């Protein structure tokens, strides 16, 4: 396995081979507990981004064909608290962390930190104050007030790493169709996604919730309440030390509130929103549809 394999998860195909080497070397420097703390912010921002951008209105016609093809882009700010972590004891390794030892996460400063008895611990590899994601998206409906959304990316890196693949789907159903003279549009939805890099990385997300919107001419204001879940598994074999490396993490977000606005310019659709949770994200989308 080539050393740059894990970089694709860390920066979503926008970094270099060297960064990938740094990530693998950084993970190898830690055992399970502290390695999880080093990687946890990645699970938080990556999962929160993937659970964004699914909807930009709650209006779903009861019948009739409508299709929207576009790109959803997400932006997760990286807070100060996500750039460092406090080292914890590892009794199974027969050592105790020096009191109040604070180290950089993978989003922290890139300089290593010397820890008594352990030597130099690695710095971060991603110093930007945000983490971006972008995915293609197709929405099609409607039957009995129900529409479906699909996401798909597939790219074959090489024989050693295999494919980078994102697949996702979701369903939404109109509730306002059952409410006589309802002043706003209301819908409920469920979405799930899976992201893999060969057999090295696997991320899974689920999101479900309720949305409401109100349209005024070409402008639609919308909001939503949702429950979300994200997991991240990283597993590979360290060839230098001839040992397996495995981490399993869960994103911190459990609930989120969405506030946004969209413009319907004939066949061109544009939306932007803010998703408020433990990990705040911003989402924008551009699509073509009818």
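The values are calculated or read from the model by the stated rules, or taken from the named source; none is laboratory data. Since the structure is predicted, the reported quantities are computational estimates derived from the model, not experimental observations. When we count neighbours, we look across all protein chains shown, and the Cβ atoms used for this are built from the backbone with ideal geometry, even at glycine.
The table below lists the values:
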| read-out | value |
| --- | --- |
| Flag if residue 189 is part of a strand (DSSP E or B) and more than 16 Å from the chain's Cα centre (by Cα) | yes |
| Failed item, numbered, when residue 119 is tested on (1) touching a strand residue (DSSP E or B) at 6+ places or on another chain (Cβ under 6 Å); (2) more than 26 Å from residue 78 (Cβ to Cβ); (3) without any contact (Cβ under 8 Å) to a residue 12 or more places away in the chain | (1) |
| Complete set of residues in segment 128-158 that are under 18 Å from the mean Cα position of the chain (by Cα) and assigned to a loop (DSSP other than H, G, I, E, B) | 128, 129 |
| Out of 257, 281, 231, sole residue that is more than 22 Å from residue 69 (Cβ to Cβ) and out of contact with any helix residue (DSSP H, G or I) (no Cβ under 9 Å at 6 or more places or on another chain) | 257 |
| Failed condition for residue 234, given (1) surrounded by 13 or more Cβ atoms within 10 Å (Cβ to Cβ); (2) touching a strand residue (DSSP E or B) at 6+ places or on another chain (Cβ under 6 Å); (3) modelled with pLDDT of 95 or more | (3) |
| The lone exception for residue 135 - which of (1) surrounded by fewer than 16 Cβ atoms within 10 Å (Cβ to Cβ); (2) at pLDDT 85 or above it fails | (1) |
